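Q: Once you've had a glance at the structure underneath, I'll fire off some questions.
Every read-out reported here was derived from the displayed coordinates using simple, explicitly stated rules and does not represent laboratory data. Because the structure is predicted, anything quoted here is derived from the model rather than measured. Virtual Cβ from ideal backbone geometry, glycine too; neighbours counted across all protein chains shown.
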Amino acid sequence: MRTILIAGLLLGLVQTTCAAPPATAQDVDTKLQAIFKDAKIPGAQVALVENGRLTYLKSYGHADVAKKVPVTDDTVFRAGSISKSFTSIAIMTAVEDGKLRSTASSPTSRPR
């Protein structure tokens, strides 16, 4: 079964592919459906969080295309290499917030 994880970066993708940012949840939904169709993404779960509050949650497509199993709130997607992107975004956010210095050396650990 082929699964694809679509992350929170989708909102940025939606905004960069639109002349104007989506104004309503329906606008977001319409644009995401078009993006998923064009990119041949079989299924995704999208959650948008604003100010710590879930504002949008929707399942798209199929978790298993061959068996026609739809994506649901309980569908588990493999994270794969996307965790590297999340980690780098978290690090750079900490740098921008002054919580981490980009020039600091990383600690080293040596086996004993």
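Q: Looking at (1) over 29 Å from residue 25 (Cα atoms); (2) in contact with a strand residue (DSSP E or B) (Cβ under 8 Å, 6 or more places away or on another chain), which one does residue 97 not meet, given that it meets all the others?
A: Result: residue 97 passes all but (2).
Q: Would you call residue 68 surrounded by fewer than 12 Cβ atoms within 10 Å (Cβ to Cβ), touching a His at 6+ places or on another chain (Cβ under 7 Å) and not hydrophobic (A, V, I, L, M, F, W, C)?
A: In short, yes.
Q: Moving to a separate point now. Scan 79, 34, 44 and give me the residue that is touching a helix residue (DSSP H, G or I) at 6+ places or on another chain (Cβ under 9 Å), surrounded by 10 or more Cβ atoms within 10 Å (Cβ to Cβ), free of Cβ contacts under 8 Å to residues at least 60 places away in the same chain and small (Gly, Ala, Ser).
A: Unique residue meeting the criteria: 44.
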